[in-house]
Amino acid sequence: MSDVNPASGSGAPEREPAGAASPDQAAAPEQAPSPEQAASSADAASPDKDVATESRRAESAASDGDPSAGNAGPAATDAGRSGRAATGTGAPEGRGPGLGQLFLQNLWSANTVTVTVLALVLAIVIGAVLIIISDPDVLATYGYFTARPADAINSSWSVVSEAYANLFKGAVVDPAAVSGWADGSNGWQLVFAPISETLTYTAPLVFTGLAVSLAFRGGLFNIGAQGQATLGVILAALAGFLLPLPPVLHLIVALLAGAIGGAIWGFIPGILKARRGAHEVINTIMLNYVSLYFLSWIINQRGVHEPTRTDAISKSVESSAQLPRLLGGDLRVHAGILLAVLATWGVAWLLNRSTFGFELRAVGANPDAARTAGISVTKTYVLLMVLSGALAGLGGSNMVLGTTASALTPAVAAQIGFDGILVSLLGRNKPWGVALAALLFGALQAGGNRMQSYAGISLELATVLQALIVIFIAAPALVKAIFGLRAARAARLQTSVAKGW
Amino acid sequence: MAVDDVALAPVSVGFWTRNRKIGAGLLLVGALAAAVFGPLATGQEARFTLSEDAGGAALEIQGTLGAILFGLIAAAAGAALLVGLPRRWFGPLLGVGVVAFVLSFLCWQVSAAPAGQNFMPLVNMLRGTFLLALPLIFGALAGVLCERSGVVNVAIEGQLLTGAFAGALFGTITGNVWIGLVAAALGGAFISLLLAVFAIRYLVDQVVIGIVLNLFAVGLTGFLYERLMQSDAQAYNQPPHFGTWSIPLLSEIPVLGPALFRSNIFLYLALVLVLVVHVALFRTRWGLRTRSVGEHPTAADTLGVRVLRLRYRNVLLAGLVAGIGGASYTLASFTFSKNMIGGKGFIALAALIFGRWSPTGALLAALFFGFADQLGTYLGAVNSVIPSEFLAMLPYLATILAVAGLVGRVRAPAADGKPYVKG
């Protein structure tokens with residue numbers, strides 16, 4: 001697809017005001033040619049393609065339309081942009097591709113933002129309902145709602161607002177700590193403690209989220225981030241307490257060991273997919289549990305198990321292999337978050353600027369077309385899963401080399417792999433989007449801890465909120481229907497890669 | 001979703017057919033068993049008692065002899081496959097080979113057990129196998145119902161968990177097991193409903209929504225558990241349990257009777273359901289339609305089958321079945337605890353795939369996985385050198401091998417996971 005007419009043609013309906021007949025199905029690629037689009041247009045002719053796949057391709061095609069990726073037809077790109085800017089925000093047309101325009105473009109392309117915000121709102125509302133119906137005392141006030149409605153409303157409000165206020169205070173900032181700092185009754189640490197907690201929880205999620213989204217972009221669904229992270233945890237910890245190495249080198253070796261562990265665990269489904277056509281979803285699910293049992297076995301082996309303890313816990317990682325704390329000893333935030341930012345940048349570079357990134361996006365959009373173009377699909381799949389596994393393994397290393405834990409326990413990897421799937425979906429498989437999504441999830445986790453200890457609301461509410469947010473994100477048509485959004489806005493938001501087993 | 005540049009290459013059918021490869025593997029494994037398990041086994045008698053303890057009648061064999069003998073039988077079965085017997089011998093020979101290998105292993109383990117424990121109570125083993133397989137059977141049946149009609153069900157774990165929770169909660173509140181059972185089924189159906197709406201109506205990727213629903217179910221039940229059940233277990237988490245029902249006559253059969261026919265309602269339900277689903281799927285109009293919708297929805301639609309309605313109905317049915325499976329935890333022996341399913345839903349998924357998307361296959365796979373689980377418990381009790389963790393990995397590894405085509409090829413229904421859009 002070397003000329004741009006098909007693109008601008010199919011983009012046209014999207015520029016019209018509301019009322020396109022079937023918005024979710026109107027997959028509307030409207031960007032300059034990019035590899036995916038070239039590839040997806042190749043199969044657009046085939047009648048039995050799933051809508052979801054199509055629209056997802058369109059979405060990823062559109063997302064790659066930033067100046068870096070689409071170097072063909074710059075004029076068309078500009079036209080498309082200004083057109084979109086005009087519809088989306090009513091900005092003046094005809095400016096050069098300046099910073100302002102980039103901002104407007106991003107604002108528009110994220111109707112994503114609209115839907116994300118609304119999904120958050122919906123999740124919070126449902127969470128509030130859950131808090132109310134799970135509190136027998138509050139529920140009792142609804143028994144005489146018609147007689148004294150104020151009772152029910154007041155008690156509901158107080159329990160819900162207390163929960164969410166603590167969620168905020170635990171994740172972002174506690175006003176009491178700020179005023180305490182101002183009048184000198186407490187140090188600056190307390191002010192930054194919530195942020196520090198949030199960032200501590202964020203770091204591993206960035207890695208696993210990137211792992212899942214990288215695989216997504218290559219057309220593979222890596223559910224095995226959990227298993228890869230578990231292997232990463234194991235190898236990183238082993239390197240952390242078995243190898244006698246000097247400080248900086250030790251940390252690097254331990255991180256590498258984690259990455260290698262994850263890479264091995266990613267290689268297995270990758271090679272099975274490439275050589276035997278075995279579905280990676282099934283294999284990665286199975287490998288998650290294999291790694292879990294492997295972890296619980298290895299903890300109790302001689303040389304690994306902590307001799308002074310009777311429960312299942314390994315020796316502790318030596319301090320020379322631990323990620324340094326960034327804000328002194330009292331705050332838990334550690335260098336893992338810097339690595340996470342670095343990894344995000346690296347994955348963004350890989351996807352948008354490198355040859356391999358181009359190949360993997362092409363394979364993800366349409367393996368057949370990619371093969372025709374001379375790309376080795378087999379090699380791409382294997383390399384992709386190895387890279388994805390290595391990222392997840394690094395996420396696992398963060399759990400044991402950072403401040404979250406310093407020894408192996410059966411639950412040391414927590415849920416970071418599964419959460420990584422949610423993060424990746426929420427971040428719409430774009431590296432910086434994933435980083436932001438991880439930040440939100442980290443904040444929910446950190447805030448959930450405070451909510452549990454201060455407001456007595458179970459930490460599980462954070463899990464519920466996370467799942468709900470992603471459910472709504474995954475079904476933009478639902479959010480759109482609930483809020484009566486304009487039709488075209490949600491059309492490109494389909495995150496799915498529906499393709500079956 | 002095979003990678004075509006390799007998978008579509010013409011299969012070279014030379015001497016090494018699939019049967020021969022498996023035969024060679026079996027020969028090797030059997031010979032290894034004879035060579036390794038034999039010397040490791042002790043001269044003690046390995047007793048397989050036909051009761052729940054050391055007493056009573058027993059099948060006995062000397063440990064070393066048994067390990068070597070059964071190893072050789074497995075090797076012989078492999079050799080028979082290798083020389084190339086007719087196709088119809090494949091199944092029986094493979095079965096004999098695998099069973100002989102397991103027996104060789106057991107002879108070693110039982111004879112090497114600490115003194116006085118050189119026995120394996122078969123009734124216990126059999127009962128444990130079935131009980132541990134119960135949630136897998138229900139879960140895998142739920143998978144069959146969904147996936148045969150073209151909706152991938154990764155949310156089995158969530159359906160089981162919600163079923164267990166709803167069963168415990170409403171069973172306790174009403175004090176009635178039957179209401180608990182109905183509530184459990186509806187609890188499973190609730191997750192199923194979400195799966196159906198998002199997968200069918202909103203075309204969300206089915207694996208994605210399945211994974212998210214699992215996390216949602218873990219969070220939701222965990223949240224309500226901590227809010228309600230933990231603070232007041234007496235009021236919310238003391239579910240009544242179904243008692244043991246002995247089936248007259250059948251329960252008198254030696255070994256099988258006490259193991260299978262003096263059990264609770266869930267085991268009978270599971271076995272009946274397997275039969276019902278099997279007959280319904282392959283002998284009724286509904287079954288034909290379901291399978292056609294799962295293989296080629298467009299063709300089915302052309303012939304007048306209402307694809308989406310059938311899918312909705314089957315997914316909801318699956319939720320009911322999985323919900324009952326969840327109740328087999330809380331309404332039979334336990335109270336509810338957080339995340340109590342602990343990955344069984346994913347083993348059920350493995351059983352579904354290992355059993356090739358058929359109800360009977362799923363039953364056999366579930367029993368195999370249940371046996372591995374029970375064997376792990378047994379080996380732990382006799383201080384075996386085999387770590388129970390590795391036995392626990394067995395179901396997952398077996399599934400990987402099956403999916404990778406190393407033990408025959410498994411193939412999902414053609415339209416599994418593909419949303420159907422009319423027109």
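Tabulated data for the structure shown
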item	result
Single match in B:Arg88, B:Arg127, B:Arg148 (criterion: under 30 Å from B:Phe190 (Cβ atoms) and of a type in the set (Lys, Arg))	B:Arg148
Checking B:Pro395 against (1) within 12 Å of another protein chain (Cβ to nearest Cβ); (2) within 23 Å of B:Asn118 (Cα to Cα), the condition it does not meet	(2)
Scan of the range B:262-275 for residues that are more than 17 Å from B:Gly323 (Cα to Cα) and surrounded by fewer than 19 Cβ atoms within 10 Å (Cβ to Cβ), ordered by number	B:Arg262, B:Leu275
Unmet criterion (only one of (1) out of contact with any Asp or Glu (no Cβ under 9 Å at 6 or more places or on another chain); (2) surrounded by 20 or more Cβ atoms within 10 Å (Cβ to Cβ); (3) modelled with pLDDT of 90 or more; (4) among the hydrophobic types (A, V, I, L, M, F, W, C)) for B:Val279	(2)
Tally of residues being surrounded by 19 or more Cβ atoms within 10 Å (Cβ to Cβ) and more than 14 Å from chain B (Cβ to nearest Cβ) across the range A:252-265	9
Qualifying position, being surrounded by fewer than 24 Cβ atoms within 10 Å (Cβ to Cβ) and either within 14 Å of another protein chain (Cβ to nearest Cβ) or part of a loop (DSSP other than H, G, I, E, B) (or both), among A:Gly433, A:Gly374, A:Gly420	A:Gly374
Residue list for the range A:437-463, filter: among the β-branched types (Val, Ile, Thr) and more than 16 Å from A:Ile421 (Cβ to Cβ)	A:Ile457
Among (1) assigned to a helix (DSSP H, G or I); (2) under 25 Å from B:Arg20 (Cβ atoms); (3) more than 9 Å from chain A (Cβ to nearest Cβ); (4) over 11 Å from the mean Cα position of the chain (by Cα), the one test that B:Leu379 misses	(2)
Scope the range B:94-114; condition small (Gly, Ala, Ser), in contact (Cβ under 8 Å) with a residue 24 or more places away in the chain and surrounded by fewer than 23 Cβ atoms within 10 Å (Cβ to Cβ); matching residues	B:Ala112, B:Ala113
Where a residue in the range B:327-348 is more than 10 Å from B:Leu160 (Cβ to Cβ) and its partner, wherever it lies, is of a type in the set (S, T, N, Q) and part of a loop (DSSP other than H, G, I, E, B), with Cβ under 7 Å and at least six apart	B:Ala332/B:Asn264; B:Thr335/B:Asn237; B:Thr335/B:Gln238; B:Phe336/B:Asn237
Whichever residue in the range B:309-339 is within 14 Å of another protein chain (Cβ to nearest Cβ) and touching a helix residue (DSSP H, G or I) at 6+ places or on another chain (Cβ under 7 Å) and, among such residues, is farthest from B:Gly370 (Cα to Cα)	B:Arg311
Among residues of the range A:218-249, those that are more than 13 Å from chain B (Cβ to nearest Cβ) and within 14 Å of A:Val386 (Cα to Cα), counted	4
Qualifying residues in the range A:112-158 (those that are among the aromatic types (Phe, Trp, Tyr) and in a helix (DSSP H, G or I)) - the one nearest to the other protein chains (Cβ to nearest Cβ)	A:Tyr142
Selected residue [closer than 22 Å to A:Ala407 by Cβ, of a type in the set (S, T, N, Q) and within 14 Å of chain B (Cβ to nearest Cβ)] from A:Asn300, A:Asn283	A:Asn300
So B:Phe165, is it buried (at least 24 other Cβ atoms within 10 Å of the Cβ), within 22 Å of A:Val464 (Cα to Cα) and more than 20 Å from the chain's Cα centre (by Cα)	yes
Residue in the range A:160-170 that is within 23 Å of A:Gly433 (Cβ to Cβ), buried (at least 20 other Cβ atoms within 10 Å of the Cβ) and in contact (Cβ under 8 Å) with a residue 60 or more places away in the chain present	yes
Residue in the range B:236-246 that is touching a residue at least 60 places away in the same chain (Cβ under 8 Å) and under 23 Å from the mean Cα position of the chain (by Cα) present	yes
B:Leu364, sole failed condition from (1) under 9 Å from the mean Cα position of the chain (by Cα); (2) more than 14 Å from chain A (Cβ to nearest Cβ); (3) crowded, with 24+ Cβ neighbours inside 10 Å	(3)
Top-ranked residue of the range A:441-461 - restricted to ones that are touching a residue at least 24 places away in the same chain (Cβ under 8 Å) and among the aliphatic types (A, V, I, L, M), ranked as nearest to the other protein chains (Cβ to nearest Cβ)	A:Leu461
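The values are calculated or read from the model by the stated rules, or taken from the named source; none is laboratory data. None of these values were measured; they are calculated from a predicted model. Glycine gets a Cβ as well: all are built from the backbone with ideal geometry, and neighbour counts include every protein chain shown.
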